[in-house]
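All remarks here apply to the structure that follows.
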Amino acid sequence: MKKIRDKIEDQVIHLERRWNALPSGRQRLFTKLFFAGYAVLTVLVVISIWISTADKQNTMFIGHISAISDQPAAKETAKATVKSTVKKTNP
């Protein structure tokens with residue numbers, strides 16, 4: 001685990017040095033581009049959610065979950081079947 005942490009730390013230091021080696025104008029340009037990309041992605045996600053929730057056909061069904069309560073009964077039935085099969089095969 002320590003090797004992985006050291007490797008990650010070395011990579012971060014390397015990237016920090018490369019970033020600091022860039023001229024400040026280039027750093028500002030990259031920062032503006034990354035922010036613009038983030039803003040566009042955020043707007044697209046918000047629009048997508050807005051469109052999907054604005055649909056009148058978008059309804060939620062809430063009902064009783066029966067599959068969870070049926071599982072223990074199914075397991076007990078399977079155990080009983082296995083036990084009866086074992087009893088039948090043993091003389």
field: Simple label model, 7 Å out from Cα along Cβ direction - residue 12 to residue 62, nm
entry: 4.4 nm
task: Would you work out if segment 1-55 is rounded, prolate or oblate? Take a ≥ b ≥ c from the square roots of the eigenvalues of the alpha-carbon gyration tensor; rounded if a/c is under 1.5, else prolate when a/b is larger than b/c, oblate otherwise.
output: oblate
- prompt: Nearest 0.05, what FRET efficiency do residue 22 and residue 48 give at R0 = 35 Å with Cβ-Cβ as r?
  reply: 0.55
field: Total charge dipole magnitude, segment 1-55, about the Cα centre, Cβ charges on Lys, Arg, Asp, Glu only, Debye to nearest 20
entry: 360 debye
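Read-outs: derived from the displayed coordinates by stated rules, not from any lab. Nothing here was measured: the structure is a model prediction, and the numbers come from that model. A quick note on method: Cβ atoms are made from the backbone with ideal geometry, for glycine too, and the neighbour counts reach across all protein chains shown.
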